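A short write-up of the structure that comes next.
The values are calculated or read from the model by the stated rules, or taken from the named source; none is laboratory data. Note that the structure is predicted; figures quoted are calculated from it, not measured. Don't worry about glycine lacking a Cβ; one is built from the backbone with ideal geometry, like all the others, and counts go over all protein chains shown. These accessible areas exclude ligands, DNA and RNA; they are computed on the full protein's heavy atoms, side chains included. Shrake-Rupley method; radii C 1.70, N 1.55, O 1.52, S 1.80 Å.
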Amino acid sequence: MSQKAAAEMLARGLSSLAKYAAVVGVGGSALAASLYNVDGGERAVLFDRFRGVLPEAIEEGTHILVPWVQTAHIMDVRVRPRLIPSATGTKDLQMVEIVLRVLTRPDLNMLQTIFRNLGLDYDERVLPSITNEVLKAVVAQYNAEELLTKRDEVSAKIKQDLTKRARDFNLIIEDVAITHLQFGIEFSKAIEQKQVAEQEAERAKYVVLKSDQERKAAIVKAEGESESARLISEATRQAGVGLIELRRIEAAKEIAAALGKSRNVSYLPSGNNMLFGINPGQN
């Protein structure tokens, strides 16, 4: 076989290989384009170029679609937290800043409607506006002080109204909680002044009670001293000066006993010649 024939056969073989490779490449691309995955906590909504949004949502797993005709849009259906701040007024016209934590998820049976009407960012489009609307309406029913004393009741009321409002957009509210509550500067000063006044009132009440107790104690002491003086006078009248002498002796014994326990006290004999009694044998 000549070199020319061999070259022609090699060229035909490479051409056939290129055709097969092209077919395999196109087939692989088509297969890859027709497969899509739906992870845990997600659902897929299919959009068909001829029929629009298909009526059934696709659950988790690997699925097939028609390439270039159908498109899979993945939606997160897990419960998601969101912090929504709002500044509103109370029933007594006090301004308050509230941060609300809302846990929401879409209704699994209405994913097609949500996608058609709101898109994939449904919570961003709806949740802030309806939360502020409900929050302002509920807070306006309470005084500023009641927001502190009835915090659980306010949270429950907000959740009830927000759940009802979110159902209009096929959203489910799992939980609502007030995470931050801050009043205006004037109301904060008023609360501080009220606390100071209450403390001063309690202090004044304590002073009055203390004075009353001291007065009663003084009366009891005076009555006791008066009764003691009466008894002493009566005993003196009956026993003469003997009672006074007895009390003097008792007082002297108590003083001697107290001084006897002290190391810094020395007893000296009476008289002026106390040094003459030292070493009497040396005279």
So the FRET efficiency between LYS164 and ARG51, C-beta based with R0 = 22 Å and rounded to 0.05, is 0.05
Residues whose modelled amide H sits under 5 Å from the amide H of GLU174, counting only those 5 or more places away in sequence or on another chain, are LEU103, THR104, ARG105
Per residue, accessible area of the range 94-207 with a 1.4 Å probe, heavy atoms of protein chains only, in Å², comes to 59
For LEU181 and GLN141, extending 7 Å from Cα along the Cα-Cβ vector and measuring point to point gives, in nm, a value of 1.5
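Report, to the nearest whole %, how much of the accessible area of the range 73-216 belongs to carbon and sulfur atoms, 1.4 Å probe, protein only.
Numbers: 4520 of 8800 Å².
C and S atoms contribute 51 percent here.
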Violations at 21 Å Cα threshold for listed pairs LYS136/LYS164; LYS91/LYS164; LYS194/LYS216 -> LYS91/LYS164; LYS194/LYS216
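How do PHE169, PHE50, PHE115 stack up against each other in accessible area, from largest to smallest, with a 1.4 angstrom probe?
My answer, sorted largest first, is PHE50, PHE169, PHE115.
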Within the under-14-Å Cβ sphere about GLU202, not counting GLU202, Lys/Arg +1 and Asp/Glu -1 give a net charge of +2
